[in-house]
Amino acid sequence: MAISVACVGGRAAYDLLIAGAFVAERLGSQPTPFGPSQPIFRCKSPRGEFYFLSRHGERGYELTPSYVNYRANVYALKGLGVRNVISWSETRGISHNFKIGQYVVVDDLIDETRNRPTTFFENRGIGHLRTWPVFCPSVRAALTETLQVEECEFESHGVYVCVEGPRHETPAETRKYAEYGGELLGQALVPEVFLARELQMCYASLCYVARYAEDGTNYRPFEDGRALPVEVEQARARAAVERIPRILERFLDVLPRTNVSCACETAMSPHIALGELGPDWRTWFAPDGGGKTA
Ligand SMILES: [Zn+2]
């Protein structure tokens, strides 16, 4: 049976993979019309199989976010038959209403990236897609239920600000993002989420709060009337990462039972109806560049 779920993760998730958290077979990089993807792993768990793609490569932080080939990665997963993508993402909290180590199933985002290709359809008049809901409601619902079942501390809403990086934000930028309504800050979800929609895939992100965004002070968050020690903060972030395998396994169980519907699989239907794209997505990027059925 085709594997329908993939997890795109960062360095922390990849470190867990190579430490043996999953039984994984390395399929390697996949060729795509947009260049080679990052290596993909086929992972086995007692509740089913899923693919794992390490966004930043296999040797530490080999690729910074600006240089990740997002199009190749998303295309490669689609080519393997993936329908549902979970993006596992470390964030920094702009809002202190989130706790360090807490999970957040984000539901909106602000794109502050500057140097990334944002579409598969460059200059082809295609891709004027509505971006609400920003993330797939079906995968979000399954993630939320998974976190409930696993008794994790989480928030089911959050506004993610995607910045270019790799540098961290300045204090003034943190204040600006807060003014915009941004609540969490990271470097990973754009353009992945938008590219996934262009290939009619379901995509949602499970974020966790690793630390707070820069505020230009040495302020420490308080809990129970005293400053939270750095070691406690680090231990909580580490614990959030270490639960990845359990959460992924449970998610495989929960997703097929989710009764929240979505329209992700028909996102490009207006273009298909107009004959601008063929019914088979693989023809969309044919060497003739047309992708037209007419
Ligand atoms: Zn969906």
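Give me the net charge of E49's neighbourhood, meaning all other residues with Cβ under 11 Å from the Cβ of E49; Lys, Arg count +1, Asp, Glu -1. Provide the component values of the computation, followed by the final result.
Details: positive: R42, K44, R47; negative: E25, E249.
In short, +1.
Relative contact order (percent) for the chain, with alpha-carbon contacts under 8 angstrom and 6 or more residues of separation? It would help to have the intermediate numbers written out before the result.
On the way: 564 pairs, mean separation 66.1, N = 294.
Over the chain, the number comes to 22 percent.
Tell me the angle of helix 244-254 to the major Cα principal axis of the chain, expressed in degrees between 0 and 90 and rounded to the nearest ten.
50
With each run of n ≥ 4 DSSP H residues scored as -39500 (n - 2.57), what mean residue ellipticity at 222 nm is computed for the chain after dividing by its residue count and rounding to the nearest 500 deg cm²/dmol? Don't skip to the answer; put the middle values down first.
Working: 8 runs with 77 residues, N = 294.
It comes out at -7500 deg cm²/dmol, rounded to the nearest 500.
Dividing the convex hull volume of the alpha carbon atoms of segment 5-283 by its residue count, what do you get in Å³ per residue?
132
Suppose R0 equals 25 Å. What FRET efficiency, 1/(1 + (r/R0)^6) with r the Cβ-Cβ distance, do Y219 and K176 give to the nearest 0.05?
Numbers: r = 18 Å, r/R0 = 0.74.
Calculated value: 0.85.
Mind giving me the FRET efficiency for A273 and T118? R0 is 30 Å, r the Cβ-Cβ distance, nearest 0.05 is fine.
With R0 = 30 Å, the Cβ-Cβ based efficiency is 0.80.
Please figure out what share of the DSSP beta bridges in the chain is antiparallel and state it in percent, rounded to the nearest 5.
Counting only bridges with both partners in the chain, antiparallel ones make up about 40 percent.
Can you list which of the trypsin sites (Lys or Arg not before Pro) found in segment 1-85 are DSSP loop residues with at most 14 other C-beta atoms within 10 Å?
Details: sites: R11, R26, R42, K44, R47, R55, R59, R71, K78, R83; in loops: R47, R55, R59, R83.
Answer in residue order: R47, R59.
Rounded to the nearest 10 degrees, what's the angle between the helix 171-180 long axis and the longest principal axis of the chain, both from Cα atoms, 0 to 90?
Long axis of 171-180 versus the principal axis of the chain: about 60 degrees.
Efficiency by 1/(1 + (r/R0)^6): what FRET value for R211 and T131, r their Cβ-Cβ distance, R0 = 22 Å, to the nearest 0.05?
It comes out at approximately 0.20.
Bear in mind that the values in this text are calculations on the coordinates, not laboratory data. What you are looking at is a predicted structure, and each value in this text was computed from that prediction instead of being measured. Cβ coordinates were reconstructed from backbone atoms using ideal geometry, including for glycine residues, and neighbour counts include every protein chain displayed.
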